[in-house]
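Structure first, commentary second.
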């Protein structure tokens with residue numbers, strides 16, 4: 001896979017070029033040999049070290065999203081073409097309802113707390129966005145998109161009273177996967 005990403009300026013941080021290139025080469029090998037062995041949640045949760053003169057983070061993040069979308073769409077098409085549409089839809093529904101466990105928790109208790117003196121997300125904005133997600137999946141409310149998730153930026157706190165960033169980000173990536181290639185009944 002020969003992807004070309006722009007390098008940022010010397011004073012800016014970006015993703016480590018070697019780490020990004022190795023990642024995409026490994027995924028390309030799996031894609032070519034056994035696409036069904038690719039764990040899309042692992043792919044979408046991959047992080048890269050930040051370095052000066054690295055790749056622009058936005059370009060790499062969009063490429064990861066496109067890769068995950070392509071894998072999911074391939075799997076969905078394959079399921080539909082092979083008469084396993086019901087299996088795809090049941091698995092999708094199960095994944096949506098797995099999110100419900102988190103979304104039904106009380107405000108302020110959706111995710112683990114961040115550690116003191118470590119950056120964490122302020123709870124109120126995260127809770128508000130989680131409510132929007134809940135309305136989309138369970139109350140036929142707000143429309144929400146992958147772009148909404150990519151653009152969301154929660155305020156940060158170091159008090160130890162916020163939500164652990166990693167837990168929130170993993171949850172949002174699970175939502176993103178469901179939004180990329182929904183089942184027909186959503």
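Worth a mention:
- Separation in nanometres of the label points that stand 7 Å from Cα toward Cβ, at residue 150 and residue 45: 2.2
- One decimal place: the segment residue 74-residue 124 gains 14.3 nm when fully extended, by the rule 0.36 nm per residue minus the C-alpha distance.
- Cα shape, the chain, gyration tensor, a/c 1.5 rule: oblate
- Helical mean residue ellipticity (222 nm; -39500 (n - 2.57) per DSSP H run of 4+; nearest 500) of the chain: -18500 deg cm²/dmol
- Cα centroid separation, segment 151-165 to segment 40-62 (Å): 20
FYI, it's all coordinate maths here, none of it is from the lab. The shown structure was predicted, so the numbers you read here are calculated from the model rather than taken from an experiment. Note: ideal-geometry Cβ built from the backbone for every residue, glycine included; neighbour counts use all protein chains shown.
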